[in-house]
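The values are calculated or read from the model by the stated rules, or taken from the named source; none is laboratory data. No experiment lies behind these values; they were computed from the predicted model shown. In this analysis, Cβ positions are derived from the backbone assuming ideal geometry, glycine residues included, and neighbour counts consider all displayed protein chains. Areas reflect the complete protein model, heavy atoms only, side chains present, ligands, DNA and RNA absent. Shrake-Rupley method; radii C 1.70, N 1.55, O 1.52, S 1.80 Å.
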Amino acid sequence: MTDVVRPGGVSRRTFIKGVVAAGAVATSAGYLLRTTLIGQGGVPAGAVERLITLNVNGRDRRVDVMPQETLAMTLRYKLGLTGTKIGCDRAECGACTVLLDDVPRYSCSVLTHMARKKRITTIEGLAAADGTLHPVQQGVVEEQGFQCAFCMPGFVMAAVGFLKTHPNPTRDELAHGVSGNLCRCQDYDKILTALARGAELMRRG
Amino acid sequence: MAAIHDVMPMFTLYQPESVDDALRLLDRLGAGAWTMAGGLDSFDWLKDRTKRTAAVVELGNVAELSVIREVDGGLEIGATTTLTEVAQHPIVRERFGLLAEAAGLVASPQIRHQGTLGGNVTQDARCWYYRAGWPCYRAGGNICYADTPTAINREHAILHADRCVAVSPSDTAPALVALDASLVIRRLGGERIVAAQDYFVGPGRDITRMTVLEPGELLTAIRIPATWAGAEFYFEKVRDRQVWDFPLVNVASALKVSGGRIQSMRIAVGAVAATPVRLMAVERAVAGQPRTRETAEMAGRLAVEGAVTLAHNGYKVPLMRNLVARAIRGAGAATT
Ligand SMILES: Cc1cc2nc3c(=O)[nH]c(=O)nc-3n(C[C@H](O)[C@H](O)[C@H](O)COP(=O)(O)OP(=O)(O)OC[C@H]3O[C@@H](n4cnc5c(N)ncnc54)[C@H](O)[C@@H]3O)c2cc1C
Ligand code: SF4
Ligand code: FES
Ligand code: FES
């Protein structure tokens, strides 16, 4: 959906994000109260609270998360980080790949509460503060590796995670490293070339 | 903005930080609790609403459950150790390479980074009729939709079926059976240790479950004895695509050979029955025999005795026969 700019320069997305965040703050007192009541009711201790802090792209974000909510949902619909895509929602395509403590994971198949104590990195968190692209992103730009690019954020995150532990892979090793990601445009050869270029740029520093 | 779909129905989520707290919770919640490790088997059921739960006990914060330690020359692997950790652990690779190989061939990298060894052996059947919520035998009904004249049953069982023809989908299960592993199961105030092959339950014994785990019980560790450390191992998994896909058939074996003769062997095959099948007749027949093509072929024939095929899974018989023969000839000779 395109960002519609509202009077006052607030884009539609930013506007909605603001509303969601305000909603979370307004209701937080209710959850705290309920936790107390549950405690008194004799339900075993350890049930999670909904208002939690997530470390996303280096920032602590307070967010209201349901117990059954997946990380992909929280990232996209609560935190506005729509670079993370949802393809299958069943751990079968890789479009939702993000890094948890530097390890590629399917965010559609992680409960947000499972990620509470971890560093979450999404495609939005790869570029440097001054806008300089991550080498793997730069490799994608230089080689024009993708067609529709719906699968691109997932592939880039999977590659960035893989390259952290395998900085100098062969093409085959790289293919195996990103084998948990599908491309519906079947553009694998060019994708690999782009990711390999990214690996090369990373090694050059 | 897109609607915020409620991905799963509401449940209460518990995140205990110790085994004792987890056991207390499981005891208190009984059959109402769903234990979750990596969640990669659990989420499908809950998202599809084919199974529901009021409470989830999530094990990710129980650090003591994901430790690998050496015990009497063997290994004890915590139940929530991820498949990646198992596949990459130096001692697992060096002494029990069979398990490292099996774990490394599961699903995809992201799934191995999160899916656990305990979850992999405890996962439910992958029959799509059952998974789609059809009220079959396994779901408590009185029909098997996979065993009808028009059913699609290419992935289903050729051995030991009893009304239900679903298979054990796990890649690590046959490796653990071949390594003579045992599983440590705890409940509040008690512990039992079960041999790997006794952990799995076939439909003849109980058609509605895959393992002996009872409500209130927690699988805490998998123990691998020193017995087969450093033996000659063979693991092979045949699947449609090289990523994501479950085994059509897999084989795991541990072999001790001396002077060209097989001294002893343990071998198990997966995805041909509702449990991993240990081939004890083959183990007995090859003991003391020369390691030759003839012995391997004899073992293959023996392995598939009694196989019963469905409309679309006949290929599994020669596949299993050949995999067993290859397991005996070993990696070097496998392609000849
Ligand atoms: C797309 C896809 C492809 C796959 N391909 C393969 C494949 O090729 N080969 C293969 O072997 N598997 C495959 N799997 C299955 C996957 O490997 C397993 O589902 C995974 O290893 C399960 O581990 P988990 O920790 O995520 O399980 P969970 O979902 O957390 O648990 C699975 C089951 O075990 C129970 N459980 C888990 N841990 C414990 C414990 N400690 N004590 C008691 N009960 C417990 C849970 O209650 C649940 O019933 C695939 C799964 C998916 C989604
Ligand atoms: S094979 Fe088993 S799980 Fe599948 S439909 Fe038949 S009874 Fe159900
Ligand atoms: S959306 Fe998560 S793997 Fe497809
Ligand atoms: S480029 Fe279109 S899905 Fe990959």
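Selection over region B:127-150 of residues that are among the hydrophobic types (A, V, I, L, M, F, W, C) and in contact (Cβ under 8 Å) with a residue 60 or more places away in the chain gives a count of 3. Within region A:48-71, the set of residues being surrounded by fewer than 22 Cβ atoms within 10 Å (Cβ to Cβ) and part of a strand (DSSP E or B) comprises A:Leu51, A:Ile52, A:Thr53, A:Asn55, A:Arg59, A:Asp60, A:Arg61, A:Arg62, A:Val63, A:Asp64. Those helices (runs of 4 or more DSSP H) of region B:57-128 in which at least 1 residues are acidic (Asp, Glu) and more than 16 Å from ligand 2 (Cβ to nearest atom), considering only elements entirely within it, cover B:83-88, B:90-95, B:97-104.
So that you can scan it fast, the table gives a plain yes or no per residue for (1) in contact (Cβ under 8 Å) with a residue 40 or more places away in the chain; (2) in a strand (DSSP E or B); (3) among the aromatic types (Phe, Trp, Tyr):
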residue	(1), (2), (3)
B:Gly202	yes, no, no
B:Leu219	yes, yes, no
B:Phe235	yes, yes, yes
B:Val251	yes, yes, no
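For region B:96-134, a residue qualifies if it is open to solvent by 10 Å² or more (accessible area, probe 1.4 Å) and among the aromatic types (Phe, Trp, Tyr), and the qualifying residues are B:Trp128, B:Tyr129, B:Tyr130, B:Trp134.
For region B:88-95, the criterion of being within 11 Å of another protein chain (Cβ to nearest Cβ), closer than 25 Å to B:Val249 by Cα and open to solvent by 30 Å² or more (accessible area, probe 1.4 Å) is met by at least one residue. Are any of the residues in region B:36-44 open to solvent by 30 Å² or more (accessible area, probe 1.4 Å), within 21 Å of A:Arg50 (Cα to Cα), of a type in the set (Gly, Ala, Ser) and facing chain A (nearest Cβ under 8 Å)? For region B:36-44, residues open to solvent by 30 Å² or more (accessible area, probe 1.4 Å), within 21 Å of A:Arg50 (Cα to Cα), of a type in the set (Gly, Ala, Ser) and facing chain A (nearest Cβ under 8 Å): absent.
When the residues of region B:142-179 are filtered to those that are charged (D, E, K, R) and under 18 Å from B:Thr211 (Cβ atoms), which remaining residue is surrounded by the most Cβ atoms within 10 Å (Cβ to Cβ)?
Quick first cut of region B:142-179, residues charged (D, E, K, R) only: B:147, B:154-155, B:162-163, B:171.
If we keep only those that are under 18 Å from B:Thr211 (Cβ atoms) too, we end up with B:162, B:171.
Working: B:Asp162: 15, B:Asp171: 28.
Filtering region B:142-179 for residues that are charged (D, E, K, R) and under 18 Å from B:Thr211 (Cβ atoms), the one surrounded by the most Cβ atoms within 10 Å (Cβ to Cβ) comes out as B:Asp171.
Taken over region B:1-21, the residue count meeting the criterion of being within 9 Å of chain A (Cβ to nearest Cβ) and over 22 Å from A:Arg76 (Cα atoms) is 6.
For the criterion of being within 29 Å of B:Cys144 (Cα to Cα) and under 20 Å from the mean Cα position of the chain (by Cα), B:Arg241 passes.
For A:Gly94, the stated conditions hold: it is touching a residue at least 40 places away in the same chain (Cβ under 8 Å), at positive phi and within 9 Å of ligand 3 (Cβ to nearest atom). If you take the residues in region B:188-238 that are within 19 Å of B:Asp171 (Cβ to Cβ) and in contact with a Phe, Trp or Tyr (Cβ under 7 Å, 6 or more places away or on another chain), which one is nearest to ligand 3 (Cβ to nearest atom)? Checked region B:188-238; the qualifying residue nearest to ligand 3 (Cβ to nearest atom) is B:Met210.
In this structure, is B:Ala139 at pLDDT 95 or above, open to solvent by 10 Å² or more (accessible area, probe 1.4 Å), in contact with a helix residue (DSSP H, G or I) (Cβ under 8 Å, 6 or more places away or on another chain) and within 16 Å of ligand 2 (Cβ to nearest atom)? Yes.
Scanning region B:66-85 turns up no residue that is buried (at least 21 other Cβ atoms within 10 Å of the Cβ), of a type outside the set (A, V, I, L, M), at the interface with chain A (Cβ under 8 Å from one of its Cβ atoms) and closer than 25 Å to B:Ala196 by Cα. Could you list, in sequence order, all residues of region B:297-324 that are open to solvent by less than 20 Å² (accessible area, probe 1.4 Å) and assigned to a helix (DSSP H, G or I)? Selection gives B:Ala299, B:Gly300, B:Ala303, B:Lys316, B:Met320, B:Leu323, B:Val324.
Residues in region A:74-91 that are in contact (Cβ under 8 Å) with a residue 24 or more places away in the chain, farther than 15 Å from A:Gly125 by Cα and buried (at least 24 other Cβ atoms within 10 Å of the Cβ): A:Thr74 alone. Within region B:45-65, how many residues turn out to be within 14 Å of another protein chain (Cβ to nearest Cβ) and either surrounded by fewer than 22 Cβ atoms within 10 Å (Cβ to Cβ) or aromatic (Phe, Trp, Tyr) (or both)? So the count comes out to 13. Residues being at pLDDT 95 or above and more than 26 Å from B:Val308 (Cβ to Cβ) are represented in region B:162-174 by at least one member. In region A:125-192, counting only helices (runs of 4 or more DSSP H) that sit wholly within it, the ones holding 2 or more residues that are free of Cβ contacts under 8 Å to residues at least 40 places away in the same chain span A:152-165, A:171-177. Just one of (1) away from every other protein chain (no Cβ under 14 Å); (2) within 12 Å of ligand 2 (Cβ to nearest atom); (3) on the phi < 0 side of the Ramachandran plot fails for B:Gly133. It is (3).
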